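The values are calculated or read from the model by the stated rules, or taken from the named source; none is laboratory data. If you're wondering where the values come from, they're calculated on a predicted model, not measured in any experiment. All Cβ positions, even for glycine, are placed from backbone atoms using ideal geometry, and neighbour counts span all protein chains on display. Just so you know, the surface numbers come from the protein's heavy atoms only, side chains and all, with ligands and any DNA or RNA stripped out. Shrake-Rupley method; radii C 1.70, N 1.55, O 1.52, S 1.80 Å.
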Amino acid sequence: SVEAGQAFACSAGVADAGGNIINSLNSNLYPVRIHLNSSNNALIEAQYIVSPVQGVATFSNVKIWEVGSCFRIVWSCNGLKEAISEIFSVYPGIPNGLKFLQEPVPCSPNGIVAGIPICKQPILKIVDIGGNNVISTSSYVHANLVDSVGKDASSALSGTLMVEYVNGQAAFNDLSVTSVGVFSLHFFTTNGAGFELSSRGFMVITGSANALQIVVQPDFASPGYPFSQQPEIQVVDVGYNLVTNWTDYITAELLVGGQTSLLMFSNASRPGCQVDMYGEVCERQNSADLFAEVTRGHATFASLRIDRTGQDYTIRFYSSYLLSAESSPLVIVSGLPSRLAILGQPYGAMAGEYIYSRPSVLVVDKGGNRIWNITYSSAADFPTPRRYIFVKVEVFKRSLNQIERTEASNSSILQSSVQSGLAEFARIQINEPGILYFLRFSSADLQMAESRLFSVTTVAQSLYLNFTKGTFLIDQIIQPPPIIYVHDSEARIVESANDFLIQLVIIYDGYGVSEIMEFPSQRSVTKTGKAIFTEIVFSYPRSSYRIHFSAPSLQSVESDVFEVLGPTKIKVLWLNDLVIKSGVDFSVQPKIIFLDSYNNSIPTGQIGKVIAEVKAGTGSRNGILFGNKYAIVESYAPDNRASVYAFTDLGIDGPFQGYVITFSCDSFAWSVESADSASFDVV
């Protein structure tokens with residue numbers, strides 16, 4: 001055998017009929033030629049003609065470039081019989097370079113789509129000097145990306161960038177280019193001589209819209225004001241290249257701690273706002289501000305803002321069928337004092353007495369955030385601007401289409417100092433009765449705030465309860481609802497008693513109102529001397545409930561004792577006098593219902609969770625209960641006061657006598673008495 005592409009020598013002698021070489025022959029009268037017989041039509045490279053010297057024609061620089069087996073060299077000369085060599089093979093030479101078995105080819109005639117794996121992935125082989133595949137070598141082939149001017153662009157090349165040379169080839173299977181432009185792939189080996197090979201140039205085009213990308217982050221200005229730098233969003237493909245043909249809207253969503261926040265972006269008119277100890281919070285937003293139209297792949301928001309202070313804000317931007325994008329974290333700190341926000345509203349009061357609800361206001365910034373560092377001090381230098389440390393209140397009364405300012409009986413104290421951004425008024429007293437009073441709060445150059453309308457009455461004295469005593473069920477609204485009337489000293493309804501805040505607490509098992517409550521205090525406000533409590537629901541069965549109703553300055557009232565029923569025990573509905581076979585589902589499945597303390601059936605809705613457990617008779621071995629051991633609600637019928645729980649595929653594996661199944665439930669906050677089935681046998 002010989003190595004492909006390497007020179008070797010071969011010769012043949014001119015012989016007589018007996019096969020003896022004619023040594024005396026030195027003549028060009030017998031020019032000798034050679035050619036190659038091969039199965040793959042390989043070519044031989046050698047001198048065209050050699051003349052014998054001492055009867056021998058020697059070819060000294062013979063090369064065969066292609067590998068193969070069953071090769072023979074044939075020497076020929078006109079008039080002489082040919083000579084044919086022994087069979088020999090040509091094997092690959094030493095590695096000399098890289099060659100493509102398959103060049104990278106795009107799927108589209110327009111080019112490779114950015115971010116999408118190349119349609120035909122490159123496959124390379126290591127070859128010898130003759131271009132023959134060198135299978136036995138061990139190596140790794142690396143891939144780089146080069147742009148149209150020869151600069152390295154490998155940062156835009158994704159996929160497996162180094163593959164092992166196995167079984168005569170290095171096959172890449174997931175290469176993709178994320179940037180748009182003209183590129184070529186450059187391949188090289190790092191061991192041995194370090195071979196290199198570059199593909200032909202190819203075009204990478206923009207792909208389909210895949211995601212949103214934030215190119216300009218929102219930059220905070222101040223609560224209540226639009227961001228000084230509004231966010232700009234781009235529509236991009238998988239490779240994050242701009243997609244200019246996408247038309248849609250992008251929506252902004254506020255997140256707090258990674259969760260969607262109810263404290264959405266607020267608008268200037270502050271609809272649906274409420275005030276808590278931290279300031280004014282608005283749960284609605286100007287929806288137009290939360291959308292931005294995409295034009296040639298770009299969308300810029302115009303007036304996004306966040307009014308509420310916080311440290312864990314992010315903004316999520318999303319659009320149909322595209323991956324969303326989230327902004328960098330935002331920290332919102334309180335701004336400059338801007339206005340007053342009413343924290344404690346005035347409710348109905350008695351003439352000549354202090355307004356018991358203690359009206360109060362907060363000093364807030366434009367976004368409604370409480371300014372905590374504004375506090376009155378008697379020191380010479382104040383830590384905050386002096387003009388914000390006092391708030392005054394004025395009393396007004398509406399009559400027809402007019403608003404008249406009226407004097408409170410203690411007008412000398414209608415000014416309060418601010419403590420940590422809060423001003424409270426505990427001693428506002430109005431002597432003249434009326435139904436359309438309101439308070440106006442003001443301070444220096446802050447935007448003023450006006451309270452709700454409230455009434456002042458002179459004759460209200462006590463509360464009267466209209467409540468039909470009965471037996472009620474848990475988790476159902478009490479019907480008919482309790483009604484509270486405001487009475488005068490003659491037990492007549494005071495229809496002018498508006499805006500009285502009536503509160504209730506629950507009493508049970510002998511505990512006082514100040515010691516224990518079933519649920520947080522409920523409240524209702526009187527209109528024309530009447531307050532209705534429409535959503536009282538009890539979640540715990542008890543036999544001795546009472547409801548206590550109260551309002552400042554008025555005599556309280558309390559209901560009679562009443563009972564609330566709930567499920568306290570289980571009743572089994574199962575005829576098990578049939579033949580029960582081991583390992584087979586019961587032909588008649590057990591059902592159960594719940595009973596109240598009077599042994600009447602009672603609905604439970606979807607709350608109950610009943611489990612079945614088997615007990616064997618005395619002296620017998622335990623059987624195995626199979627199937628779904630939890631019952632499901634089969635029907636829920638409040639009108640007939642029953643919820644039926646049914647088992648679907650219970651059975652017992654293990655024949656014996658005296659089995660009992662216990663049914664129990666622990667899904668309520670109170671204990672429920674379990675129930676046993678009748679004894680039965682399994683055959």
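Answer yes or no: is there a residue in the range 597-608 that is in contact with a helix residue (DSSP H, G or I) (Cβ under 6 Å, 6 or more places away or on another chain), over 19 Å from Gln522 (Cα atoms), assigned to a loop (DSSP other than H, G, I, E, B) and at pLDDT below 90.
Step one: list which residues in the range 597-608 are in contact with a helix residue (DSSP H, G or I) (Cβ under 6 Å, 6 or more places away or on another chain), which gives 603.
Checking the rest, the ones that are also over 19 Å from Gln522 (Cα atoms) come to 603.
Pick out the ones that are also assigned to a loop (DSSP other than H, G, I, E, B) and you get 603.
Add one more test, that the residue is at pLDDT below 90, and what stays is 603.
Yes; the residues of the range 597-608 include at least one that is in contact with a helix residue (DSSP H, G or I) (Cβ under 6 Å, 6 or more places away or on another chain), over 19 Å from Gln522 (Cα atoms), assigned to a loop (DSSP other than H, G, I, E, B) and at pLDDT below 90.
So is Asn144 assigned to a loop (DSSP other than H, G, I, E, B) and either within 16 Å of Leu197 (Cβ to Cβ) or not aliphatic (A, V, I, L, M) (or both) or not? Write out each step before concluding.
Details: assigned to a loop (DSSP other than H, G, I, E, B): no; either within 16 Å of Leu197 (Cβ to Cβ) or not aliphatic (A, V, I, L, M) (or both): yes.
So Asn144 does not fit the description; no.
Tell me whether the range 367-381 contains one or more residues that are part of a loop (DSSP other than H, G, I, E, B), under 30 Å from Asp488 (Cβ atoms) and modelled with pLDDT under 85. First the steps, then the outcome.
So in the range 367-381, the residues part of a loop (DSSP other than H, G, I, E, B) come out as 367-368, 371-381.
The next check asks that each one be under 30 Å from Asp488 (Cβ atoms); those that pass are none.
No - not one qualifying residue is present in the range 367-381.
State yes or no: is Ala114 in contact (Cβ under 8 Å) with a residue 24 or more places away in the chain and touching an Asp or Glu at 6+ places or on another chain (Cβ under 9 Å)?
Spelling it out, Ala114 is indeed in contact (Cβ under 8 Å) with a residue 24 or more places away in the chain and touching an Asp or Glu at 6+ places or on another chain (Cβ under 9 Å).
Name, by its number, the condition in (1) crowded, with 20+ Cβ neighbours inside 10 Å; (2) more than 25 Å from Gly421 (Cα to Cα) that does not hold for Leu439.
(2)
If you take just the strands (runs of 3 or more DSSP E) that sit entirely in the range 154-244, which of them hold at least 2 residues that are crowded, with 21+ Cβ neighbours inside 10 Å?
By residue number, 181-189, 232-236.
If you go through the range 490-497 one residue at a time, do you hit one that is surrounded by fewer than 18 Cβ atoms within 10 Å (Cβ to Cβ), at pLDDT below 85 and either assigned to a strand (DSSP E or B) or under 46 Å from the mean Cα position of the chain (by Cα) (or both)?
The answer is no, given that none of the residues of the range 490-497 is surrounded by fewer than 18 Cβ atoms within 10 Å (Cβ to Cβ), at pLDDT below 85 and either assigned to a strand (DSSP E or B) or under 46 Å from the mean Cα position of the chain (by Cα) (or both).
Based on what the data block shows, is Arg308 open to solvent by 30 Å² or more (accessible area, probe 1.4 Å), modelled with pLDDT under 90 and charged (D, E, K, R)?
yes
Looking at the structure I just gave you, is Thr160 out of contact with any Cys (no Cβ under 8 Å at 6 or more places or on another chain) and closer than 28 Å to Val243 by Cα?
yes
Which residues, counting only those in the range 69-97, are among the aliphatic types (A, V, I, L, M) and open to solvent by 80 Å² or more (accessible area, probe 1.4 Å)? It would help to see each step written out before you state the result.
The initial filter retains those residues of the range 69-97 that are among the aliphatic types (A, V, I, L, M), namely 73-74, 80, 83-84, 87, 90, 94.
Answer for the range 69-97, where residues must be among the aliphatic types (A, V, I, L, M) and open to solvent by 80 Å² or more (accessible area, probe 1.4 Å): Ile84, Ile87, Ile94.
Considering the range 544-565 alone, what residues qualify as being assigned to a strand (DSSP E or B), over 22 Å from Phe500 (Cβ atoms) and in contact (Cβ under 8 Å) with a residue 40 or more places away in the chain? Please lay out each step first, then the result.
Taking the range 544-565 first, the residues assigned to a strand (DSSP E or B) are 544-551, 554-558, 562-565.
The next check asks that each one be over 22 Å from Phe500 (Cβ atoms); those that pass are 544-545, 562-565.
Scanning the range 544-565 gives Phe562, Glu563, Val564, Leu565.
Which residues, taken from the range 344-366, are at pLDDT 90 or above, out of contact with any Lys or Arg (no Cβ under 8 Å at 6 or more places or on another chain) and part of a strand (DSSP E or B)?
Ser360, Val361, listed by residue number.
Which numbered condition trips up Asn133, out of (1) open to solvent by 40 Å² or more (accessible area, probe 1.4 Å); (2) modelled with pLDDT of 90 or more?
The single condition Asn133 does not satisfy is (2).
Can you work out which of the residues in the range 252-280 that are open to solvent by less than 20 Å² (accessible area, probe 1.4 Å) and part of a strand (DSSP E or B) is modelled with the highest pLDDT?
Within the range 252-280, the subset open to solvent by less than 20 Å² (accessible area, probe 1.4 Å) is 252, 254-255, 261, 265-266, 279.
Cutting the leftovers down to part of a strand (DSSP E or B) gives us 252, 254-255, 279.
Working: Ala252: 90, Leu254: 84, Leu255: 85, Gly279: 79.
Step by step, filter the range 252-280, then rank; the result is Ala252.
What are the residue pairs meeting all of these: first residue in the range 349-361, first residue open to solvent by 50 Å² or more (accessible area, probe 1.4 Å), second residue modelled with pLDDT under 80, Cβ atoms under 6 Å, and 6 or more apart or on different chains?
Glu353/Ser553; Tyr356/Pro552
For the range 183-197, how many residues are modelled with pLDDT under 80 and of a type in the set (A, V, I, L, M, F, W, C)?
1
Quick one: count up the residues across the range 429-473 that are assigned to a loop (DSSP other than H, G, I, E, B), modelled with pLDDT of 85 or more and either under 20 Å from Phe562 (Cα atoms) or touching a His at 6+ places or on another chain (Cβ under 6 Å) (or both).
2
Just need a number here: residues in the range 281-305 that are modelled with pLDDT of 85 or more, out of contact with any helix residue (DSSP H, G or I) (no Cβ under 9 Å at 6 or more places or on another chain) and open to solvent by 20 Å² or more (accessible area, probe 1.4 Å).
At the first step, the residues of the range 281-305 found to be modelled with pLDDT of 85 or more are 291-302, 304.
Subset that is out of contact with any helix residue (DSSP H, G or I) (no Cβ under 9 Å at 6 or more places or on another chain): 291-300.
Checking the rest, the ones that are also open to solvent by 20 Å² or more (accessible area, probe 1.4 Å) come to 291, 293, 295-296, 298, 300.
Of the residues in that region, 6 qualify.
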